[in-house]
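Have a look at the structure below before the remarks.
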């Protein structure tokens, strides 16, 4: 029964046992846990994330083309398009946050 399951303690918007928000959706349709621990390479993480977003957009385009040709149903195409759209909006939100952080640092006086 659902009520008998132990409840996770939430701190700072995530479960207590999750130290780093490092889980995301990949183009292969699976959740992946990436190494976002302190000391990992930011350039590598961002590059991999951009590649994943690009792969999702490519899959969405293929699904739409398959739907037009009658090879894929509309549900599959819509799901692929939503995955692509959500991942792209997330990537843009991260970019905007990084730009605002950079601008904040540039406004600091030494």
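The values are calculated or read from the model by the stated rules, or taken from the named source; none is laboratory data. Everything numeric here is computed off the predicted structure, so don't read it as measured data. Note: ideal-geometry Cβ built from the backbone for every residue, glycine included; neighbour counts use all protein chains shown.
Of everything listed in (1) exposed (fewer than 13 other Cβ atoms within 10 Å of the Cβ); (2) assigned to a loop (DSSP other than H, G, I, E, B), the single unmet condition for residue 95 is (2). In the set (1) touching a strand residue (DSSP E or B) at 6+ places or on another chain (Cβ under 7 Å); (2) part of a loop (DSSP other than H, G, I, E, B), the condition left unmet by residue 71 is number (1).
Taking (1) part of a helix (DSSP H, G or I); (2) exposed (fewer than 15 other Cβ atoms within 10 Å of the Cβ); (3) more than 12 Å from the chain's Cα centre (by Cα) in turn, residue 109 satisfies each apart from (1).
When residue 35 is tested against (1) assigned to a loop (DSSP other than H, G, I, E, B); (2) at pLDDT 60 or above, just one condition goes unmet, and that condition is (2).
The criterion of being modelled with pLDDT of 55 or more and surrounded by 13 or more Cβ atoms within 10 Å (Cβ to Cβ) does not hold for residue 104.
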